[in-house]
Structure formats: C-alpha cells, structure tokens
Amino acid sequence: EAGVVQSPRYKIIEKKQPVAFWCNPISGHNTLYWYRQNLGQGPELLIRYENEEAVDDSQLPKDRFSAERLKGVDSTLKIQPAELGDSAVYLCASSSMGSTDTQYFGPGTRLTVL
Amino acid sequence: GENVEQHPSTLSVQEGDSAVIKCTYSDSASNYFPWYKQELGKRPQLIIDIRSNVGEKKDQRIAVTLNKTAKHFSLHITETQPEDSAVYFCAASPGMIKAAGNKLTFGGGTRVLVKP
C-alpha cells in the first residue's frame with residue numbers, strides 16, 4: 001500500500017511569511033495526526049483528527065497555527081505568520097480506528113524560517 | 001499528561017554487540033508502547049511495539065520488555081549491524097480509548113552508532 005504522502009519536502013521562508021503543509025494519509029485511515037519534531041528531539045503532537053473532526057488540538061498554538069481536514073481525507077497545516085522558532089520538521093501520521101494503534105508516518109516537511 | 005524519559009541519549013557499540021535502550025513513563029493509563037527507528041532525514045518507522053497485557057515481545061534481533069509495575073520498558077538489539085545505526089524513539093499511548101485517543105508521547109531519542 002502507498003504510504004503517507006507529504007508535500008513539500010522542504011520549505012524555506014522569511015519570518016512573518018505564511019506557509020502551508022499538505023498531507024495525504026494511507027487510504028482508509030480515518031485518524032490523522034500532525035507532529036512537530038525539533039532538531040534532536042522526539043515528535044510532539046500538534047493536532048489529531050478523527051475523520052474531519054479535530055479531537056485533540058490542545059498542543060496547537062492557535063494564535064498562528066491552523067489546520068483543516070475538510071473531507072476527512074487529506075489535511076493542510078498552516079502557519080501565519082511564521083516565526084524563527086517554528087523551524088522544525090512537520091510530520092504527518094495516520095492510523096486506522098478499529099484496527100491496531102499503529103501510526104504510520106510521512107517523510108515530513110522540513111521548514112526553515114530565516 | 002504523559003511524560004516519557006529515554007536513556008541513554010547516545011549509544012556507541014561495536015558491531016556484533018548488544019544495545020539496550022531504556023524508557024520510563026508516568027501515566028499508568030498508558031498501555032501501548034511502540035518503538036520507532038529514524039534514519040537521518042527519513043521518516044520514523046515502527047520497528048516493534050508491545051501492549052500492556054504482554055511482558056516481552058521478540059522479532060528476530062529486536063526484543064522489547066515491559067514492566068508495568070515499575071512503568072518502564074526497554075528495547076534490546078542483539079548482534080548489532082552497521083545498518084542499525086539510527087535514532088531510536090520510544091513512545092507511550094493510552095491506546096485506542098476514544099476519550100484519550102491514540103496520542104503518542106515520545107521520548108527524547110537515542111542516537112545509536114554501530115562501529116564496524
């Protein structure tokens with residue numbers, strides 16, 4: 001089966017600019033996660049979707065971050081405006097409710113804010 | 001919330017030797033413990049996982065043990081090979097409980113270097 005797809009793979013922007021990341025989960029996976037991974041650290045959950053509903057966004061900095069999963073399939077994570085501290089790898093993962101707990105990760109988008 | 005501590009942060013072993021990585025967690029509700037391997041610039045990939053109803057699980061050269069009473073779990077890699085060099089992350093989750101959701105809390109990672 002095809003894995004989790006993310007784009008772009010790399011993004012370099014100036015601070016205060018907006019940026020968006022896209023994720024397409026594994027077909028049939030109704031749970032989608034966005035994580036942020038800072039250099040040398042483990043991933044940290046930003047938001048979790050079950051179908052189109054954001055069921056856990058407690059770690060999402062809502063003043064500048066937003067996410068959507070309108071049709072319960074692919075998802076977009078946006079930052080506006082970006083700050084220097086937002087430089088990180090943004091990982092998307094998906095899993096299948098009613099199956100195992102296993103989360104499958106995408107390759108990530110490496111964001112550099114200058 | 002859950003807190004996962006992982007040790008050591010770096011581990012250098014000679015090819016053929018064993019490597020052991022240890023993690024502790026804080027939330028007694030956690031019942032699912034996966035281990036991910038992440039090579040430089042690549043996605044985290046699940047290598048093994050264990051659930052709280054099992055004390056040990058083995059898959060070829062990789063094994064994981066779980067002590068729920070002490071709230072710690074460990075990854076054991078035997079007969080290490082250069083391709084085992086990567087960063088390894090442990091994680092803990094309450095599993096598929098709808099209220100808590102399948103939220104993975106990761107440890108800080110262990111950089112493993114296998115010297116030929």
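Read the figures in this text as sums done on the coordinates, not as results from a lab. Here the structure is a predicted model, which means the values were calculated and not measured. All Cβ positions, glycine included, derive from the backbone under ideal geometry; neighbour counts span all protein chains shown.
Within 10 Å of each residue's Cβ, count the other Cβ atoms and sort A:W34, B:W35 from fewest upward.
B:W35, A:W34
So for chain B, averaging the separation of alpha carbon pairs under 8 Å that are six or more residues apart and normalising by length, what relative contact order in percent results?
Averaging sequence separation for qualifying contacts and normalising by length gives 36 percent for chain B.
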On average over all directions, what projected area in square nanometres does chain A have, based on the convex hull of its Cα atoms?
-> 6.8
Here Rg/Rh (Cα, Kirkwood) for the protein assembly as shown equals 0.97
Arranged from highest to lowest average of other beta-carbon atoms within 10 Å per residue, in what order do the peptides B:85-94, A:64-73, B:16-25 appear?
-> B:85-94, B:16-25, A:64-73
Expected vector for the range B:56-62, Karplus 3J(HN,Hα) from phi with 6.51, -1.76, 1.60 and θ = phi - 60°, integer Hz, x for Gly and Pro, equals 7, 8, 10, 9, 6, 8, 10
Based on other C-beta atoms within 10 Å, arrange A:Y10, A:Y33, A:Y90 from fewest to most.
-> A:Y10, A:Y90, A:Y33
Lysine pairs, Cα distance under 16 Å, 8 or more residues apart or cross-chain: how many in the range A:1-93?
-> 5
Spatially close lysines, pair count over chain B: Cα under 25 Å, gap of eight or more or interchain = 28
Given charges of +1 on the Cβ of Lys and Arg and -1 on the Cβ of Asp and Glu, with all other atoms neutral, how large is the dipole of chain B about its Cα centre, in debye to the nearest 20?
-> 340
Could you tell me which of B:H72, A:A2, A:T112 has its Cα farthest along the dipole of the protein assembly as shown towards the positive end, charges placed at Cβ (Lys, Arg +1; Asp, Glu -1), taken about the Cα centre?
-> A:T112
Beta bridge orientation in chain A: antiparallel %, DSSP, nearest 5 = 90
Between B:E39 and B:N53, what length in nm is gained on full extension when 0.36 nm per residue of separation is reduced by their alpha carbon distance?
-> 2.0 nm
Per-residue HN-Hα couplings for the range B:38-46 [Karplus 6.51, -1.76, 1.60; θ = phi - 60°; Hz; x = Gly/Pro] = 10, 7, 4, x, 10, 6, x, 10, 5
